[in-house]
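Participant: Please see the structure below; I have some questions.
The values are calculated or read from the model by the stated rules, or taken from the named source; none is laboratory data. What you see is a predicted model, and the numbers here were worked out from it, not measured in a lab. Glycine gets a Cβ as well: all are built from the backbone with ideal geometry, and neighbour counts include every protein chain shown. Areas reflect the complete protein model, heavy atoms only, side chains present, ligands, DNA and RNA absent. Shrake-Rupley method; radii C 1.70, N 1.55, O 1.52, S 1.80 Å.
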Amino acid sequence: MSIQELTRPDLPVRTKVGIIDSDVHPSMNPASPGVIAHLPQRWREYMADVGLRAGMPGGERPRHREFASRWDAVPPAGGAPGNDPAFARKQLLDRYDVSAAVLNDIGGFQVSGGLRIPAEFSAAFCTALNNHRAESWFTDDPRWYGSISLPYEVPDLAVREIVRCKEEMGAWNDRWVQVMFAPDNERPAGYRKYWPIFEVCQHYDIPIGFHVLTGRRITPSGPANFYFEEHCDFAALNFPTVSSLVFEGVFDRFPNLKIAMVELAWSWVVPLAWRMDHAYRIMNKEVKLERLPSEYIRDHFWFTTQPMEEPDEPAWFDDVLGLFESSGMADKIMYSSDYPHWDFDAPDSFPLSVQRQPERMARILGENASALYGLDLIPGTGFDLPR
């Protein structure tokens with residue numbers, strides 16, 4: 001949008017743009033008493049005798065802040081950040097006038113991937129986790145929505161849990177707006193093993209979110225020694241996830257499937273699309289697709305803003321975002337705060353050059369997520385545009 005367009009008298013004057021936060025995190029500890037209370041007796045006894053037997057291979061590296069969260073995110077009553085929905089509501093929904101927020105339960109990845117635990121226990125734990133989130137968060141405020149935790153390495157049980165959440169939870173059925181995957185599956189994301197999950201997600205028109213933080217590996221070669229090394233290595237998970245979904249023909253088989261790459265950044269996607277198109281033109285005898293890879297990426301993938309690209313020169317941000325949007329994906333980038341983590345991004349984290357473009361800010365902060373998740377923006381609420 002040009003400066004001339006911003007000052008045209010025939011354009012409506014925006015003072016606020018609505019906000020949907022596409023990535024908020026409950027407590028990262030899945031084995032809380034509230035969750036365990038929802039487990040069948042058999043698995044409560046199993047927990048007491050054996051424990052989760054989950055966690056990262058090779059051990060967990062120390063974090064520079066406990067739970068990788070903001071210092072001020074610890075609730076007044078104590079406990080881990082993200083364990084008190086009322087406190088999170090005040091710090092996030094109320095403070096920033098947010099219309100809706102999607103809860104992504106990454107702590108559940110320790111269990112949902114079924115790493116070193118029985119499949120039936122994985123399924124029971126995901127059910128307990130989803131029940132507890134609905135009971136504690138959905139009842140706190142109608143603006144909280146959720147991603148379904150799944151035993152995704154056991155597709156028949158995963159399908160059963162999606163159906164349960166979308167059809168058997170009464171008033172909470174419509175509060176589930178996404179299905180949660182980690183980007184380090186047992187097999188690459190596009191393998192036929194996962195197609196039953198894709199089929200049911202297409203049936204319910206519910207996106208699949210691939211979220212950073214994993215149950216198996218952080219990098220292709222194992223865990224990093226340093227937290228910030230790991231934090232910069234997350235991007236290594238993007239390329240195999242996207243390329244597998246495209247080259248395995250997932251979107252030819254499921255033409256209405258929607259994928260959200262959550263907390264996996266977005267500036268990398270256009271160069272990857274270029275590379276995939278070039279490779280496909282040369283080697284298309286091996287893989288038969290109905291369209292170019294870049295077209296599948298443009299039409300089937302959404303991306304969240306956090307972690308925000310922060311170049312030394314602010315003008316470069318606008319250049320990178322412009323490249324992304326000019327590639328046909330202006331409607332595919334969604335605001336995310338990553339609350340309550342240390343690298344939280346408030347709605348005003350964008351450079352002023354972007355904040356001063358009302359239509360662009362409206363798309364990013366709320367309209368794109370509203371279209372993907374089917375969530376309404378509350379009129380008259382949201383981000384106050386700079387004058």
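Participant: Calculate what fraction, in whole %, of the accessible area of the range 272-333 sits on carbon and sulfur atoms when a 1.4 Å probe is rolled over the protein chains. Working shown, then result.
Facilitator: On the way: 1780 of 3470 Å².
Its accessible area is 51 percent carbon and sulfur atoms.
Participant: Taking a probe of 1.4 Å, how large is the accessible area per residue of the chain, in Å²? List each step's numbers first, then the result.
Facilitator: Working: 16630 Å² over 387 residues.
Computed with neighbouring chains in place, this is 43 Å² per residue.
Participant: Over the range 150-257, what number does the Rg to Rh ratio reach, with both radii from the alpha-carbon atoms and Rh per Kirkwood?
Facilitator: Values: Rg = 15.1 Å, Rh = 14.9 Å.
Using only Cα positions, Rg/Rh for the range 150-257 is 1.01.
Participant: Could you rank the peptides 107-117, 238-248 by their average count of other C-beta atoms within 10 Å per residue, with the highest value first?
Facilitator: Numbers: 107-117: 23.5, 238-248: 20.7.
Top of the packing list down: 107-117, 238-248.
Participant: Place the peptides 74-84, 174-184 in order of packing, highest mean first, counting for every residue the other Cβ atoms within 10 Å and averaging per peptide. Write out the running numbers ahead of the final one.
Facilitator: Details: 74-84: 17.4, 174-184: 22.5.
Output ranking for 74-84, 174-184: 174-184, 74-84.
Participant: Additional query: Let me know the number of lysine pairs in the chain closer than 30 Å at the Cα, not counting same-chain pairs under 8 apart.
Facilitator: 16
Participant: So what is the calculated 222 nm ellipticity per residue for the chain, using -39500 (n - 2.57) for each DSSP H run with n of 4 or more, over all residues, to the nearest 500 deg cm²/dmol? Can you show the working numbers first?
Facilitator: On the way: 17 runs with 133 residues, N = 387.
Result for the chain, helices only: -9000 deg cm²/dmol.
Participant: Quick check on packing: order 225-235, 125-135 by the mean number of other C-beta atoms within 10 Å, highest mean leading.
Facilitator: Working: 225-235: 13.4, 125-135: 23.1.
Final packing ranking: 125-135, 225-235.
Participant: If I build a Gaussian network model for the chain, linking alpha-carbon pairs within less than 10 angstrom, which residue out of Tyr335, Tyr152, Tyr280 has the largest mean-square fluctuation?
Facilitator: Residue with maximal mean-square fluctuation among Tyr335, Tyr152, Tyr280: Tyr280.
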